[in-house]
Amino acid sequence: MDDVLKTAKSCRHYAMCKIDFLGTGLCRAGEEKHFVSFYPQGRMDLYAALAENRIPITEKCVEIAESCDLCGKCDYQCYFVTEMKPTAVMKALKEHIRLHLENGGDVLAAEKDSILDGIKEIVGDDWATNDRAIALTYSHDPCPAAEPRLPDYIAMPGSSAEISAVIQLLNRHGIPYAVRGNGSSVMGFVMSEGAVIDLGRMKAIVFDEKNWLVKVGPGVAAFDLQKAAVKRGFRVNAAEPSALVCANIMCSGIFSTFSASYGTAADNYIDAEFVGHDGSVFRLSDPSAPNLFGFRRADSALPGICSSASIRLHPVPADEGAAFVPFASLERALDFARECAGRRIGLAIGVLGGEYVSVFLSPTKKLAAEVKDAFRDKLKMEYLVLVIGDKYALHSIKAMGYPYFDNRMIRILNLGLPALTSAKWLDLMDELADDKPFSYLGLAHFPDLAEAALAPSSAQLVGDVDPELRPFFEKLYARPEMTDPVWLNMFRIVSARMGREKHVVAMIIYLPIDHTLIAGIGREFKRIADSHGLKNDFGFITPLDDGKRCVFEYDYYLDQNDPREKIKMRQAMMETGMMIEKFSAATGTVTWIRHVFCQGFSRKESFLYSGAGTGP
Amino acid sequence: MTGIKAGGDEPHLLTGATGFLGSHIMAGLLAEGKRVVIAGRSSSREPLKERIRRLLHWFGMECREGLLEFHEIDFLKPRMGLGRAEYDRLRGRGCPVIHCASDTRFTEKNRAMVMKSNVESLATILDFATASGARWFHFISSAYAAGIDRFACPEAPVHSLRFNNVYEESKALAEDRVAGKCREEKIPYTIIRPAIVYGDSSTGKSLRFNALYFPVRSLQHIRDIYLDEIKNRNGMKAAECGIFINDEGVLHLPIRIFIPHEGKINLVPVNYFTKTILAILEKPENETFYHITSNRPENMTRLASYAERFLEITGIEVVIGAAGADAMKNPPEELFDYFIKAYRPYISDKRDFFRENTDRATGGVLPPDFGYEIFQKCMAFAVAADWGKRLFD
């Protein structure tokens, strides 16, 4: 496989090319046409299919290829996350089509279809198609458990009424459908052989400030919502930046490190509008509406299509900052996180693994690997607890006797990462005969010394970035928000880097913050992945509900293009599921996120406290 | 009490042979053509035999490997972790024991481990000595087991209740247990108490780079941070701290070293330590304590001047008294102070160690004065070995 095809087939579908998270602007064609096919993600899939002769060249194929102006924005976006440069694929796609046309090759016109005509009547000619080039880009994602399914139709309604009409039409013809918002798609939920209803056009964001809510359409991504909220002085509890807000609530409910104070599931919204499977429209606050607050510990179906949600707005303290508190053991990190949650110190709390943090902070895989070793071997930081809070919260952490990296130190550390890996003076830290671990962080002048020693600068940080992209990244990292832990944690633009090396499959459970239980389940996660030869690592833990429970993510990784790894991953996922069910039955307090899927509108208490099914 | 045979031709059983002092004792015995039974442990990366072989190579004594016998032991297990047959065979030989294995960390966070290694595990080796009818039990302790209740420290049992750290405390407790058990079991014993042992005074070679070396290494790293900043960047951070390269091209690095009182630093080179041990083993006196210490200890001011000269810096100032709350105005000064915190008791030590017993054993041979020539040799070796990282390259 040549490098271009390899890049094309390696698109993770994290959809970071669909949000303007670097301030470069978006792919012009994608913004205009909305179908995923016109974004770099779709073109990657399309090129791979053409190169492997899986589809013929269609009219839309030509349009998609020609719509790319080779602006190069996708290189910045994709390199930031995965270190891939899609422009080479875009060029190859254009070249493929050009040669085909020059050689007088056939261009397949869309087939006449009365059902398609019906859909077009509802949504407009531009917003429905049965072209194979479009359909292909809706046919698969990297989920190892999902097989590709090529849909017959793609429809992009622009309103609830249009959604309703499309559904009624599909129902009348007995056509199955899947619904998506055109955000990230990695779980195999959004494919159908019938129709895919793409809500990506419905991007309305309407603030109702006096009621502390913002009403969002199903095509609104977390990043765009957070950006709009922050502009008005608010914050929302947001998931990964390219995840769509409504879809995320429908799926598992939104959780983030801010869930330590903002909660999850029903805590995040005030009301929502749905289009039922029969096409009827209802609001969640309507007493006669289906009860989505309840929870059933079983695989569930969606109650309908969420066509808008009123999301809670939260105030942002002006004196907010971050504390990264280092720990040599998970046990101590959990104790601290639980104590903060129990005392309601901080708005966001997350226990992070050293690898997680090094991957987030590093612009390249190579640096991430070196930094991970430096964190572990030189600084003895196996785990970090991130706390975001106002000055009183941060003072409290100091008063509790925990030294931490503050905003300034994080910036120094981040921009000085390459120097960190070769800093001989750090060796002394380990050998220091001081009783309190990490007490050097309490030295009044330590940041000054670290600044002198690590020479933090965006130029240094991007030293091993692809030379072609280096000038852009140097400017990018010079921007204050790119090293501001509060901003990064709100917008979560670095979290997709988890999948930089390989696609990530997150194993997520809700459980009490109990060392023994967490260590036991963590060991099992590791044992299962290791037994299948899959890369795996601790993800994060965030306390919920005053630290009485937490959400625990453990990550498995696979090469999405390696069929053997896909089989291994499926086996590992199955064993992991059985393992979780076993813990769940034995403790009565462990809930697997699989049972929360499609029930993200429920009250968190329903699945945190009675979800395990053995309670009274 | 004299008149007990030193041990004849039977080999010594030596613990801690992979450590700094133990390895030098091993090398000293081998140099005299004596056989040694190594009772030690493999590391996570290397089996015991390989660890010893690496040391023999370092000492240039590979040809003496035939004089060694190896036993993998674990003091925290019954029968030292040996199988019954191996234990019985070893026991039957009645070898004199030199117990040198020790945990030399002195931070309070390591208390449990230090106590376990230095005190609790003694029972196993003492039981072995009893069971084997060991002809001698030599315990390598520390001059600092004397504690800090008094400044005059005789070569006698410790009566102190206060110590600088858990290491000193553990050594005092261990001495007490060794003496008690040996008296009870009628095993002749000696307690040998070295001060701070540095590298070989004639070659500068060393296997450990803590104690004397640590402050110099700290200064070197701090120097390099600012030299790099001045040479490769704008030197702004250095300038903020009053750090600059003077007209002679020497880095001026203003660092005050705060010590509570003038005090002393008691240093002996490892070659002197080895020679003294061998002399003691030759004619040991039962129930006798030996101080392997210097009668002319150094002071911090002189060592600071050595460090300045060696590192080609100026600005190091020794200040007697505690730093005030706001005294640490300078980042390198604050960091250096933090680095040497644990060593502060040893760089301004007021204790005097008497050494009549050692003088008797050695015929009055004293350690060499710690002049700049020795300092330079030792530090040059340390730098070349990257403070231990490239020791066996």
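The values are calculated or read from the model by the stated rules, or taken from the named source; none is laboratory data. Note that the structure is predicted; figures quoted are calculated from it, not measured. Cβ coordinates were reconstructed from backbone atoms using ideal geometry, including for glycine residues, and neighbour counts include every protein chain displayed.
A:Arg332 fulfils the conditions (1) more than 14 Å from chain B (Cβ to nearest Cβ); (2) over 28 Å from A:Phe473 (Cβ atoms); (3) free of Cβ contacts under 8 Å to residues at least 60 places away in the same chain except for a single criterion, (1). Among the residues that make up segment B:318-326, is at least one of them within 11 Å of chain A (Cβ to nearest Cβ), more than 27 Å from B:Pro154 (Cβ to Cβ), out of contact with any strand residue (DSSP E or B) (no Cβ under 6 Å at 6 or more places or on another chain) and not hydroxyl-bearing (Ser, Thr, Tyr)? Within segment B:318-326 (the criterion being within 11 Å of chain A (Cβ to nearest Cβ), more than 27 Å from B:Pro154 (Cβ to Cβ), out of contact with any strand residue (DSSP E or B) (no Cβ under 6 Å at 6 or more places or on another chain) and not hydroxyl-bearing (Ser, Thr, Tyr)), the answer is yes, since at least one residue qualifies. Kindly indicate the residue of segment B:91-110 that is within 14 Å of chain A (Cβ to nearest Cβ) and not in a loop (DSSP other than H, G, I, E, B) and also nearest to B:Leu29 (Cα to Cα) among those meeting that condition. For segment B:91-110, the residue satisfying everything is B:Asn110.
Of the residues making up segment A:185-236, those that are surrounded by fewer than 20 Cβ atoms within 10 Å (Cβ to Cβ), part of a strand (DSSP E or B) and among the aliphatic types (A, V, I, L, M) are A:Ile205, A:Val206.
Within segment A:79-104, the set of residues being surrounded by fewer than 17 Cβ atoms within 10 Å (Cβ to Cβ) and of a type outside the set (Gly, Ala, Ser) comprises A:Lys91, A:Glu95, A:Arg98, A:Leu99, A:Leu101, A:Glu102, A:Asn103. Only one of the listed residues (A:Val462, A:Val486, A:Val505) is under 26 Å from A:Asp335 (Cβ atoms) and crowded, with 19+ Cβ neighbours inside 10 Å. That residue is A:Val486. Exactly one residue out of B:Ala382, B:Ala342, B:Ala361, B:Ala307 is among the small types (Gly, Ala, Ser), over 25 Å from B:Phe106 (Cβ atoms) and in a helix (DSSP H, G or I): that is B:Ala361.
For first residues located in segment A:271-290 and touching a residue at least 60 places away in the same chain (Cβ under 8 Å) and crowded, with 19+ Cβ neighbours inside 10 Å, partners that are part of a loop (DSSP other than H, G, I, E, B) and not charged (D, E, K, R) and lie 6+ apart or on another chain with Cβ distances below 8 Å form the pairs A:Ala272/A:Leu284; A:Ala272/A:Phe601; A:Glu273/A:Leu284; A:Leu284/A:Leu292; A:Leu284/A:Phe601.
Of the numbered criteria (1) assigned to a loop (DSSP other than H, G, I, E, B); (2) surrounded by fewer than 21 Cβ atoms within 10 Å (Cβ to Cβ); (3) under 24 Å from the mean Cα position of the chain (by Cα), the one B:Ser294 fails is (2).
Quick check on B:Ile225: is it within 14 Å of chain A (Cβ to nearest Cβ) and modelled with pLDDT under 95? For B:Ile225, the condition - within 14 Å of chain A (Cβ to nearest Cβ) and modelled with pLDDT under 95 - is met.
Condition check ((1) surrounded by fewer than 17 Cβ atoms within 10 Å (Cβ to Cβ); (2) modelled with pLDDT of 95 or more; (3) more than 24 Å from B:Gly199 (Cβ to Cβ)) across all residues:
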site: B:Val37; (1), (2), (3): no, yes, yes
site: B:Ser42; (1), (2), (3): yes, no, yes
site: B:Leu55; (1), (2), (3): no, yes, no
site: B:Gly60; (1), (2), (3): yes, yes, no
site: B:Val97; (1), (2), (3): no, yes, yes
site: B:Ser117; (1), (2), (3): no, no, yes
site: B:Trp136; (1), (2), (3): no, yes, yes
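Taken over segment A:250-263, the criterion of being within 21 Å of A:Ala289 (Cβ to Cβ) and crowded, with 24+ Cβ neighbours inside 10 Å is satisfied by A:Met250, A:Gly253, A:Ile254.
Among the residues of segment A:390-408, is any modelled with pLDDT of 95 or more and within 14 Å of chain B (Cβ to nearest Cβ)? Checked segment A:390-408: at least one residue is modelled with pLDDT of 95 or more and within 14 Å of chain B (Cβ to nearest Cβ).
For segment B:370-393, the set of residues classified as among the charged types (D, E, K, R) and modelled with pLDDT of 95 or more consists of B:Glu373, B:Lys377, listed by residue number. Is it true that A:Ile528 is surrounded by 20 or more Cβ atoms within 10 Å (Cβ to Cβ), in contact with an Asp or Glu (Cβ under 6 Å, 6 or more places away or on another chain), of a type outside the set (Gly, Ala, Ser) and touching a residue at least 12 places away in the same chain (Cβ under 8 Å)? Yes. Can you find a residue that is of a type in the set (D, E, K, R) and either on the phi > 0 side of the Ramachandran plot or touching a residue at least 24 places away in the same chain (Cβ under 8 Å) (or both) anywhere in segment B:62-69? Looking through segment B:62-69, at least one residue is of a type in the set (D, E, K, R) and either on the phi > 0 side of the Ramachandran plot or touching a residue at least 24 places away in the same chain (Cβ under 8 Å) (or both). In this entry, A:Pro543 passes the filter for residues that are crowded, with 24+ Cβ neighbours inside 10 Å and more than 22 Å from A:Met187 (Cβ to Cβ).
Results for (1) touching an Asp or Glu at 6+ places or on another chain (Cβ under 6 Å); (2) modelled with pLDDT under 95, shown as yes or no for each residue.
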{"site": "B:His261", "(1), (2)": "no, yes"}
{"site": "B:Asn271", "(1), (2)": "yes, no"}
{"site": "B:Thr274", "(1), (2)": "no, no"}
{"site": "B:Glu285", "(1), (2)": "no, no"}
{"site": "B:Ser294", "(1), (2)": "no, no"}
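Within segment B:240-253, the set of residues being at pLDDT below 95 and within 14 Å of another protein chain (Cβ to nearest Cβ) comprises B:Glu240, B:Cys241, B:Gly242.
Considering segment B:49-89, the residues that are aromatic (Phe, Trp, Tyr) and over 22 Å from the mean Cα position of the chain (by Cα) include one that is farthest from B:His12 (Cα to Cα), namely B:Tyr87. The conditions of being among the aromatic types (Phe, Trp, Tyr), in contact (Cβ under 8 Å) with a residue 40 or more places away in the chain and within 14 Å of another protein chain (Cβ to nearest Cβ) are met by B:Tyr343.
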